[in-house]
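Student: My questions will all concern the structure given below.
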Amino acid sequence: MLKYILIGYGQRGRFYADCLRKLNRAEPAAVCDARQCKLDLAKRNLGLRDGQLYRDADALFAAGKIADLAIIASMDCAHYAQAVKALQLGYHLLLEKPIAQTERQCREIAALAKKLGRKVYVCHVLRYAPIYTSIKEMLAGGTFGDVVTITQTEHVGWWHQAHSYVRGNWRRSEESSPMIVAKCCHDLDLFAWLIGKKCDKVSSFGSLYYYNREHAPEGSGDYCYNCKLKDTCVYNCLNFYTKYPDFAFASGQYLGDGQDKQAIAECFSQESNPYARCVFKCDNDVVDHQVVNMLFEGGVTAQLTMTAFCEGGIRTIRIHATKGFIEASMLDNVIRYEIYGQEPQELHVAVGETFGGHGGGDEKLVEDVVNDLEGGRDSLCLTSIDRSVMSHLMGFAAEQSRVRGGKAVKIR
Ligand SMILES: NC(=O)c1ccc[n+]([C@@H]2O[C@H](COP(=O)([O-])OP(=O)(O)OC[C@H]3O[C@@H](n4cnc5c(N)ncnc54)[C@H](O)[C@@H]3O)[C@@H](O)[C@H]2O)c1
C-alpha cells in the first residue's frame, strides 16, 4: 500500500487524510503539525503511534524518506522550504496552493521537481470539479469554435472574507500571500486551462475598501463579546461561530465537537483569540475586491472579478466563443449553453456524494494522485506543477500590477 507523510493537520490536511482512509489505498507513515493539539487529533483519528508524530518538519525530514508521497498542507509561508526538502529526500508531493510565496520560489520548485524526476501535484482541485471538467470537454469537441473571452466571478462572500481574510490566517499578504494568489490561483488556473494558451499580460485594480477603521460603526468595541453593537452587527463572531461550529473548528482556536455552544462562545470571548476581534479593527491588509484583466496568446482575453461583497461560496463563469457561449454556476451545477442560431440548452452536472468541497473536485484529485502513483490505472494528472505554475505567475503579476496602479505586467 502507498505510504504518505502529511505536514499540516489542519482543515485541508485532515481532509486529505480522511479521503485517503476512505479510499483505503494509502496509509500514513507520519504526521507533522506545529501544534500539539492537532497531533493529538491526528493520533486519535488516524490511529498513529507517538513515534509517528512530529511537531517540527525538520525532525520529520531527519528521519529520511519513510514514504512515497509527502502531502504539504501547512501554511503558505512554509510550503517552499518543506517542498524543497521533501523533493530532495525523494518524495513525490501533493502540494497545497499557493505553491509558494513568490514567483521565483514557484519556478524553483518546478525546476527542482523536473531535475530530480519527482511528481508534484498542485491542489488546483477545480480542474477535477465535474462542472469544469464538463465545460472542458464541451470546448474540446470544437462545436463552440474558438474561445475568445472568458469572464469569471469569484464570490468570496462577506462571511468568508471576515473569517479568512480579515480575522484569519490569510489576512496579511506578507505572512501568507496576496489575496489574488491565495484565493484566486484556482480561478486563474481555470482560465489558463480552459483557454489552453499562454497568458501574455495582466493588469489589475483592487483595494481594501471596507474592512478598516474608517468603516467601524460609531461606538463599536475592539472585540465582539463586549461590543455595544453586537446584537445588530452581522459580523458578531459569537453568533457566527456558534451557528457554524465547522468554522469555529477551522479557526484552529476551538477544538471541541461543536455541540457545546457555550464553550464556543467562551472561546470567542477571549482577547487572545484573533477571531474575536471587530472586523473593522484588525491588522488585515489584503484586498476585499479586485479585478484582473488578462491577455492570452492570439488576442484571447479574460477577466476575473473577486469580491467579498456577496453571499459567497460560489463561482460563476461565462465563456464567449466564436460559435456559441457557455455559462455556469457552482451554486446549482447547471451549465447553460447555446450554439448560435439554435435553442438554448441546459446540462445538469451530477456532483454525487461529496464530503469535501469544490464541487467534488477535492476527492477526485486525491483519487487521481493515488491512481498515478500506484500505476496501472488511468490517471489524468491535471494539476502537475508544470501545468499549474502559470496560474501563480498570473497571480503574482496581477498583484504587481495592482500595486503599481494597474500598469500592465508581462508574464515571462
Ligand atoms: N486547495 C484549496 O482549495 C485550499 C483551500 C483552503 C486552503 N488551502 C491551502 O491549504 C493550506 C492549509 O490551509 P488550511 O485551511 O488547512 O489551514 P489550517 O490553519 O486549518 O491548517 C494548517 C495547519 O498547518 C499547521 N502548520 C502551520 N505551519 C506549519 C509548519 N511550519 N509546520 C508544520 N505544521 C504547520 C497548523 O498548525 C495547522 O494545523 C494553506 O496553504 C492554504 O492556503 C487550499
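Student: Being assigned to a helix (DSSP H, G or I) and surrounded by 24 or more Cβ atoms within 10 Å (Cβ to Cβ) is the filter here; which residues of segment 171-184 pass it? Walk me through it before giving the result.
Tutor: Initially, segment 171-184 is screened for residues assigned to a helix (DSSP H, G or I), giving 179-182.
Within segment 171-184, Met179, Ile180, Val181 meet the criteria.
Student: List the pairs whose first member sits in segment 361-381 and is in a loop (DSSP other than H, G, I, E, B), whose second member is of a type in the set (S, T, N, Q), and whose Cβ atoms are under 8 Å apart, counting only residues at least 6 apart or on separate chains?
Tutor: Here the result reads Arg377/Asn371; Asp378/Asn371; Ser379/Asn371, each pair linking segment 361-381 to a residue that is of a type in the set (S, T, N, Q).
Student: Taking segment 86-106 only, how many residues are surrounded by fewer than 16 Cβ atoms within 10 Å (Cβ to Cβ) and either within 14 Å of the ligand (Cβ to nearest atom) or assigned to a helix (DSSP H, G or I) (or both)?
Tutor: So the first thing to find is which residues in segment 86-106 are surrounded by fewer than 16 Cβ atoms within 10 Å (Cβ to Cβ), and the list is 88, 90, 102, 104.
If we keep only those that are either within 14 Å of the ligand (Cβ to nearest atom) or assigned to a helix (DSSP H, G or I) (or both) too, we end up with 88, 104.
Residues meeting the conditions: 2.
Student: Assess whether Lys3 counts as being basic (Lys, Arg) and either more than 24 Å from the chain's Cα centre (by Cα) or not in a helix (DSSP H, G or I) (or both). Steps first, please.
Tutor: Working: basic (Lys, Arg): yes; either more than 24 Å from the chain's Cα centre (by Cα) or not in a helix (DSSP H, G or I) (or both): yes.
Yes, satisfied.
Student: Then there is this: State which residue is farthest from Val84 (Cα to Cα) when the search covers only segment 1-11 and only residues that are crowded, with 22+ Cβ neighbours inside 10 Å and near the ligand (Cβ under 8 Å from one of its atoms).
Tutor: Taking segment 1-11 and keeping what is crowded, with 22+ Cβ neighbours inside 10 Å, we get 4-9.
Right, trim to near the ligand (Cβ under 8 Å from one of its atoms) and you get 7-9.
Working: Ile7: 13, Gly8: 16, Tyr9: 19 Å.
Across segment 1-11, the extreme among qualifying residues is Tyr9.
Student: Hey, does segment 124-138 have a residue that's within 16 Å of the ligand (Cβ to nearest atom) and closer than 26 Å to Ala59 by Cβ?
Tutor: no
Student: Additional query: Can you tell which of Cys267, Cys233, Cys185 is within 16 Å of the ligand (Cβ to nearest atom) and either over 24 Å from the mean Cα position of the chain (by Cα) or free of Cβ contacts under 8 Å to residues at least 60 places away in the same chain (or both)?
Tutor: Only one candidate passes the filter, namely Cys267.
Student: For residues in segment 158-170 being within 13 Å of the ligand (Cβ to nearest atom) and in a helix (DSSP H, G or I), which is surrounded by the fewest Cβ atoms within 10 Å (Cβ to Cβ)?
Tutor: So, considering only residues that are within 13 Å of the ligand (Cβ to nearest atom) and in a helix (DSSP H, G or I), the one surrounded by the fewest Cβ atoms within 10 Å (Cβ to Cβ) is His160.
Student: Please enumerate the residues belonging to segment 12-38 that are among the hydrophobic types (A, V, I, L, M, F, W, C) and either touching a Ser or Thr at 6+ places or on another chain (Cβ under 6 Å) or farther than 19 Å from Ala86 by Cβ (or both).
Tutor: Taking segment 12-38 and keeping what is among the hydrophobic types (A, V, I, L, M, F, W, C), we get 15, 17, 19-20, 23, 26, 29-32, 34, 37.
Those that are among the hydrophobic types (A, V, I, L, M, F, W, C) and either touching a Ser or Thr at 6+ places or on another chain (Cβ under 6 Å) or farther than 19 Å from Ala86 by Cβ (or both): Phe15, Cys19, Leu23, Cys37.
Student: Have a look at Ala59, Ala70, Ala42, Ala30 and point out the one that is surrounded by 22 or more Cβ atoms within 10 Å (Cβ to Cβ), in a helix (DSSP H, G or I) and assigned by TED's automatic domain parsing to the domain that holds Gln88. Lay out the reasoning, then the answer.
Tutor: Numbers: Ala59 fails: surrounded by 22 or more Cβ atoms within 10 Å (Cβ to Cβ); Ala70 fails: in a helix (DSSP H, G or I); Ala30 fails: in a helix (DSSP H, G or I).
Only one candidate passes the filter, namely Ala42.
Student: Now a separate question. Test Ser329 against the stated conditions and say whether it is within 30 Å of Gly206 (Cα to Cα), out of contact with any Cys (no Cβ under 7 Å at 6 or more places or on another chain) and of a type in the set (Ser, Thr, Tyr). Full working, then the answer.
Tutor: Values: within 30 Å of Gly206 (Cα to Cα): yes; out of contact with any Cys (no Cβ under 7 Å at 6 or more places or on another chain): yes; of a type in the set (Ser, Thr, Tyr): yes.
Here the answer is yes, as Ser329 does meet what is asked.
Student: Moving on to the next point. Can you pull out the residues in segment 74-85 that are aliphatic (A, V, I, L, M) and surrounded by fewer than 23 Cβ atoms within 10 Å (Cβ to Cβ)?
Tutor: Going through segment 74-85, the residues aliphatic (A, V, I, L, M) turn out to be 75, 78, 81, 83-84.
Correct list: Met75, Ala78, Ala81, Val84.
Student: Take Val349 and tell me if it is over 25 Å from Lys197 (Cα atoms) and modelled with pLDDT of 95 or more. Explain how you work it out, then say what you get.
Tutor: Working: over 25 Å from Lys197 (Cα atoms): yes; modelled with pLDDT of 95 or more: no.
For Val349, the condition - over 25 Å from Lys197 (Cα atoms) and modelled with pLDDT of 95 or more - is not met.
Student: Right, here's the next one. So which residues in segment 270-285 are touching a Ser or Thr at 6+ places or on another chain (Cβ under 9 Å) and buried (at least 24 other Cβ atoms within 10 Å of the Cβ)?
Tutor: Within segment 270-285, the subset touching a Ser or Thr at 6+ places or on another chain (Cβ under 9 Å) is 273-276, 278, 280-281, 285.
Answer for segment 270-285, where residues must be touching a Ser or Thr at 6+ places or on another chain (Cβ under 9 Å) and buried (at least 24 other Cβ atoms within 10 Å of the Cβ): Tyr275, Cys278.
Student: Considering segment 29-42 alone, what residues qualify as being out of contact with any Asp or Glu (no Cβ under 8 Å at 6 or more places or on another chain) and either within 15 Å of the ligand (Cβ to nearest atom) or touching a residue at least 60 places away in the same chain (Cβ under 8 Å) (or both)? Write out each step before concluding.
Tutor: Taking segment 29-42 first, the residues out of contact with any Asp or Glu (no Cβ under 8 Å at 6 or more places or on another chain) are 29-31, 33, 35-38, 40-41.
Scanning segment 29-42 gives Ala30, Val31, Asp33, Arg35, Gln36, Cys37, Lys38, Asp40, Leu41.
Student: Let me ask something else about it. State whether one or more residues within segment 61-76 are under 28 Å from Met179 (Cα atoms), more than 8 Å from the ligand (Cβ to nearest atom) and among the basic types (Lys, Arg).
Tutor: No: zero hits.
Student: Looking at Tyr132, Tyr121 in this structure, which one is part of a helix (DSSP H, G or I) and either on the phi > 0 side of the Ramachandran plot or crowded, with 17+ Cβ neighbours inside 10 Å (or both)?
Tutor: That would be Tyr132, the only listed residue that is part of a helix (DSSP H, G or I) and either on the phi > 0 side of the Ramachandran plot or crowded, with 17+ Cβ neighbours inside 10 Å (or both).
Student: Now a separate question. Got a sec? Which of Gly405, Gly375, Gly359 is in contact with a Pro (Cβ under 8 Å, 6 or more places away or on another chain) and in the same structural domain as Phe191 (by TED's automatic domain parsing)?
Tutor: On the way: Gly405 fails: in contact with a Pro (Cβ under 8 Å, 6 or more places away or on another chain); Gly375 fails: in contact with a Pro (Cβ under 8 Å, 6 or more places away or on another chain).
After ruling out the rest, the residue left standing is Gly359.
The values are calculated or read from the model by the stated rules, or taken from the named source; none is laboratory data. Bear in mind the structure is a predicted one, so any value in this text is a computation, not a measurement. Because the Cβ atoms are built from the backbone with ideal geometry, glycine has one as well, and the counts that use them run over all protein chains shown.
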